[in-house]
Amino acid sequence: MSAPHSPLDVDRVRKDFPILERRLAGDHPLVYLDSANTSQKPTAVLDTLAEHYSRHNANVARAVHQLGEESTAAYEGARDKLAVLIKAPSRDEIIFTKNASEALNLVAHTLASGMADDPRFRLGPGDEIVVTEMEHHSNIVPWQLAAKRTGAAFRWFGLTDDGRLDLSTIGELINERTKIVSLVHQSNSLGTVNDVATVVARAREVGALVLLDGSQSVPHQPIDVTELGVDLLAFTGHKMVGPTGIGVLWGRRDVLDALPPFLGGGEMIETVEMTGSTFAPIPHKFEAGTPPIAQAIGLGAAVDYLTGIGLDRIHAHEQALTAYALEKLNAVDGVRIIGPNSTESRGGTVSFVVDGIHPHDVGQLLDERGVAVRVGHHCARPVCVRYGIPATTRASFYLYTTFDEIDALAAGLDQVKRFFG
Amino acid sequence: MSDSLYQEIILDHYKHPHGRGLREPFGGEAHHVNPTCGDEITIRVALDGSTITDVSYDGQGCSISQASASVLHELLTGRTVDDAFAVERTFVELMQGKGQIEPDEDVLGDGIAFAGVAKYPARVKCALLSWMAFKDATARAMAGPVTVEEDAR
């Protein structure tokens, strides 16, 4: 099978990522198939970080000096770029957090705090929280904690055998008692891209909020929050060629206005008296303390980089890679795909098991050939439980992934099987 | 290289585990999980006085974790608790030695095959899983009879 056509000049893209030239132990070239875990960073982002620290470093929104103004302009400029990226109606709706987990926790925590004026934003006994069985732990545990704290019920969508959400019970699962539905856009372990529109439509009927975890979708496809119709969207910078330590919560203005503050501290206040405080409007209401300034600016550079290439082209490239990978993996005897076995409504993250060989051993032997994959439950243990497996091996692709690298994975699996055969 | 990690002895124990399966009677049992990868092991220890008469186990996981349990069964069954704990300490030292410790075959038997694992920090926990469970199970087995004796007095 010859490599299919890709709309990207991948050789050129790869020159932007210095780490891809690394040779590993045994002089093996790096075959990085772990971008769903964290992506590599292009020179443009690395240079932006270095330039910020070496030329503009100052705290934001507190200094009248020139550096403070430069730093603030760059930080707020990054907010503008993120608003454009996801087509947010207002830049004020972009909240910087430290990662997607913090963004998800922000929503769970503020809903559970009981401090909102509007009862729609207060969880309590009799209310229901709905998630799915394919969530990352970061979209399960905060809601379990919120349910425990408030007495709300914690419920979830199950999965079908082919790795999709089982929407057959949606009418009962999302009901008049449902306060919030929090679901993943693209599963980090299965690669499934969920039917958000159907969930949003049902949630609208009963007046429930919808929070979407876009950690694995925002880096890989064009996103329009208005078109998606969700109320809130969480994602993280380091999976979209940006730095670690920076994430984003987007929310509709009326929703963010209605939620009470999360963390208290500097910058999130309007005025503070010993008898009580009032709070800043969004976005600063949710950005207590000195934010991850360089990281936000670095993420802005990442957005420029991705949009310069075009997320539609990145998406098309990954679709071609995924089709190729599924074909190659299905051709390896004893390999079973865990998740959708076609490119329909799925992204470039492919989990699989190798008959009779534990994923840890698969990953270890692949690593010795320079092939970096993730093994384990991928912080989505209920998915493994659902499919009756202890763990999976996961290969995940991005704009710099080549068809040759997928060949290297398949060849590596052949060798793994020989070794343990 | 896989040669240093996946010694033939380890692969042998993985493919043909010794003493696998949970047996009765037993004095203490412990179930340990490696939360990062989901590997699990259940270990039962049977004591006659201070002698370990059986170590039985069952679990699922990678070759390193499962082979390690098989080696443990072979090495520690029939020893006194004090002896077994001395071997356990030597094995833990080897695993935490970052590949710098020369293993003593007289003490560790087939356990010396795991010396290479110590160079892979991510896999040390796999090798130690059954040994940590063994310690807990033995402590429980020892606590059981002691309580009964105290009651009898």
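What follows is calculated from the coordinates using simple rules that are stated; it is not laboratory data. The shown structure was predicted, so the numbers you read here are calculated from the model rather than taken from an experiment. Cβ sites come from the backbone with ideal geometry, for glycine too, and all protein chains shown count toward neighbours.
Evaluated with a Cβ-only charge set (Lys, Arg +1; Asp, Glu -1), the range B:32-153 carries a dipole of roughly 500 debye about its Cα centre, given to the nearest 20. Projecting the Cα positions of A:124, A:382, A:350 onto the charge dipole of the protein assembly as shown (unit charges on Cβ atoms of Lys, Arg, Asp and Glu, taken about the Cα centre) puts A:124 furthest along the positive direction. Taking the Cα centre of chain A as origin and assigning +1 to Lys and Arg Cβ atoms and -1 to Asp and Glu Cβ atoms, the resulting dipole is close to 540 debye.
With 30 Å as the limit on Cα-Cα distance, the pairs of A:87/A:148; A:148/B:135; A:328/B:15 that go past it are A:87/A:148; A:148/B:135. Between residue B:11 and residue B:107, the contour length at 0.36 nm per residue exceeds the alpha carbon distance by 32.5 nm. Kindly state, to the nearest 0.05, the FRET efficiency for residue A:206 paired with residue A:385, given R0 = 30 Å and r defined as their beta-carbon distance. The calculated FRET efficiency here is 0.55. DSSP beta bridges confined to the protein assembly as shown are antiparallel in about 70 percent of cases. Relative contact order, whole percent, for chain B stands at 29, derived from Cα pairs under 8 Å and 6 or more residues apart.
For the range A:199-329, DSSP calls about 75 percent of its internal beta bridges antiparallel. Taking the simple approach of a point 7 Å from Cα along Cα-to-Cβ for both residue A:341 and residue B:90, what is their distance in nm? Result: 5.0 nm between the two label points. Under the simplified labelling scheme, the residue A:304-residue A:227 pair shows an inter-label distance of 2.5 nm, with each label point 7 Å from Cα along Cα→Cβ. The helix-based estimate of mean residue ellipticity at 222 nm for chain A, built from -39,500 (n - 2.57) per DSSP H run of four or more residues and divided by its residue count, is -11000 deg cm²/dmol to the nearest 500. State the Cα centre-to-centre distance between the range A:265-315 and the range A:318-390 in whole Å. So the two Cα centres are separated by 35 Å.
The overall shape of chain A, judged from the alpha-carbon gyration tensor, is oblate: a/c is not under 1.5, and a/b is no greater than b/c. Available extension along the chain between residue A:67 and residue A:137 is 21.2 nm, counting 0.36 nm per residue and deducting the alpha carbon span. Annotation for the range B:8-76 versus the range A:1-64: alpha-carbon center distance of 44 Å.
Site pair residue B:122 and residue A:169 shows an inter-label distance of 3.6 nm when each label is modelled 7 Å from Cα along Cα→Cβ.
Ranking A:86, A:186, A:53 by how far each Cα lies toward the positive end of the dipole of the protein assembly as shown (charges on Cβ) leaves A:86 at the top. Full extension of the chain segment joining residue A:415 with residue A:161 gains 88.5 nm, where the gain is 0.36 nm per residue of separation less the Cα-Cα distance.
For the peptides A:278-285, A:189-196, A:266-273, residues were scored by their other Cβ atoms within 10 Å and the scores averaged per peptide; the highest-first order is A:189-196, A:278-285, A:266-273.
On the basis of the beta-carbon distance and an R0 of 60 Å, residue B:53 and residue A:22 show a calculated FRET efficiency of 0.70.
As a calculated quantity, the FRET efficiency between residue A:12 and residue A:57 at R0 = 35 Å, using C-beta atoms, amounts to about 0.65. Per residue of chain B, the DSSP helices (runs of n ≥ 4 H) give a summed -39500 (n - 2.57) that works out to -16000 deg cm²/dmol at 222 nm.
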